[in-house]
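Below is one structure, written out as structure tokens; comments come after it.
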Amino acid sequence: MSETSSGVTSHSYFSQRLRLHYVDWGNPGAPPLILLHGGRDHCRNWDWVANALRDDWHVIAPDLRGHGDSQWTTDGNYEMAGYIYDLAQLIHQQNLAPVTIVAHSLGGNISLRYTGLYPESVRALVAIEGLGMSPKMLAERTSLEFDQRLRNWIDDKRGLAGRLPRRYPTIEEAFARMHTENKHLSPEQARHLTVHGINQNEDGTYSWKFDNYVRAFPAYDMPTGAVEGLWGKITCPTLLVYGEESWASNPAEDGRIKHFQNAEVAGFADAGHWVHHDQLDGFLKRVKAFIA
């Protein structure tokens, strides 16, 4: 897929003493557009989208802390406040505001909260399944007493501390694992995501780039009402995307759309959680029209 990588440059910026990585697709005179990936992913998962938008936009795709080629935290903690700060620093340091954002999953969650904090800094926002747990899933989690949630977090962290990153003898075995994660991925997509998502270890084996600690769900987060309050402060046009085969629920049906001032929902058939991979052409058509 070398044609999508032509002219892409890697850069670093600093946030909370972490060296964070992003790729820049050029065209600095065009309006800025950030593509923000989800959990256990990396910035190069956006290459197909970036390549389609780079002629009209100055596309920047960062790696979240603990992901891709960005540094890992020293304490293994990955909280929403830190992720939001990193996005705020990238936009501030590179003078990107007002910026357009297209984000997936965890990246969508981060972007929605950032936009609620700084509504004047975001021109338009597309969030692919970025609302977090469905109301039903959230109710099940919050039904646990806080002390039980904290004990669960400790157990999870302790388990991850003893879990060594999986090592694959060859790239082909890592590629096979990637391909089984999403039935909609073509072999070309799976191979591209694998090549950019692994590092070679000193012994010649391969491991995924993300920090294993990002698997642990935080012990606590902002109260649900506070998060919904941030959604309500978003003033820019907002597109909430979901895949009809995904675990995520339709925000127009589960009631979450009511918290937004200026949002619409787009569902995609024959798509799971990674809508921008599963239905690339339809996704691009919808997004191009929305952010134009």
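What follows draws every value from the coordinates through simple rules; no lab data is involved. Computed from a predicted model, the values in this text were never measured in an experiment. Counting neighbours? That spans all protein chains shown, and the Cβs are built from the backbone with ideal geometry, glycine included.
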**Message:** Quick check on packing: order 266-277, 36-47, 228-239 by the mean number of other C-beta atoms within 10 Å, highest mean leading.
**Reply:** 36-47, 266-277, 228-239
**Message:** Explain nothing, just the number: dipole magnitude of the chain about its Cα centre with +1 on each Lys and Arg Cβ and -1 on each Asp and Glu Cβ, in debye rounded to the nearest 20.
**Reply:** 440
**Asked** Given H placed on each backbone N at 1.01 Å, which residues far from residue 126 in sequence or on other chains put an amide H within less than 5 Å of it?
**Response** 101, 102, 103, 239
**Asked** Using a cut-off of 14 Å between alpha-carbon atoms, which aspartates and glutamates can reach residue 157, once sequence neighbours fewer than 8 places away in the same chain are excluded?
**Response** 75, 79, 211
**Prompt:** What list of ³J(HN,Hα) values in whole Hz, one per residue of segment 238-251 in order, does the Karplus curve 6.51 cos²θ - 1.76 cosθ + 1.60 (θ = phi - 60°) give from phi, with Gly and Pro shown as x?
**Reply:** 10, 10, 9, 9, 8, x, 6, 9, 8, 6, 6, 9, 6, x
**Prompt:** Build a GNM of the chain with springs between Cα atoms under 10 Å: which of 17, 149, 215 gets the top mean-square fluctuation?
**Reply:** 17
**Asked** If you project the alpha carbons of segment 170-292 onto their three principal axes, what span does each projection cover, largest first, in Å?
**Response** 53, 37, 26
**Cα-based equivalent ellipsoid of the chain: semi-axis lengths in Å, sorted from largest, via gyration tensor** = 26, 25, 20
**Those GluC sites (Glu not before Pro) in segment 119-190 that DSSP places in a loop and that have at most 16 other beta carbons within 10 Å** = 145
**Message:** Restricting to DSSP H runs of at least four residues, report the calculated mean residue ellipticity at 222 nm for the chain, -39500 (n - 2.57) per run over all residues, nearest 500 deg cm²/dmol.
**Reply:** -11000 deg cm²/dmol
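Considering every pair of different Cα atoms, what Kirkwood radius, in Å, is found for segment 101-211? Spell out each step's value before the answer.
Details: mean 1/r = 0.0574 Å⁻¹.
About 17.4 Å for segment 101-211.
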**Asked** How large is ³J(HN,Hα), in whole Hz, for each residue of segment 164-174 in order, when computed from phi with the Karplus curve 6.51 cos²θ - 1.76 cosθ + 1.60 and θ = phi - 60°, using x for Gly and Pro?
**Response** 6, x, 5, 10, 9, x, 9, 4, 4, 5, 5
**Request:** Kindly flag which residue pairs out of 209/285; 258/285; 183/209; 233/288; 136/209 have an alpha-carbon separation exceeding 29 Å in this structure.
**Result:** 209/285; 136/209
**Message:** Just to check I understand the Karplus step: with θ = phi - 60° and J = 6.51 cos²θ - 1.76 cosθ + 1.60, what whole-Hz values come out for segment 252-259, glycine and proline as x?
**Reply:** 6, 9, 8, x, 6, 4, 5, 7
**Message:** Rounded to two decimals, what is the ratio between the C-alpha radius of gyration of segment 200-266 and 2.2 N^0.38 Å?
**Reply:** 1.66
**Item:** residue 210 long-range amide H proximity, modeled H, under 5 Å
**Value:** 68
**Prompt:** Counting Lys and Arg as +1 and Asp and Glu as -1, what is the net charge of the other residues whose Cβ lies under 15 Å from the Cβ of residue 62?
**Reply:** -2
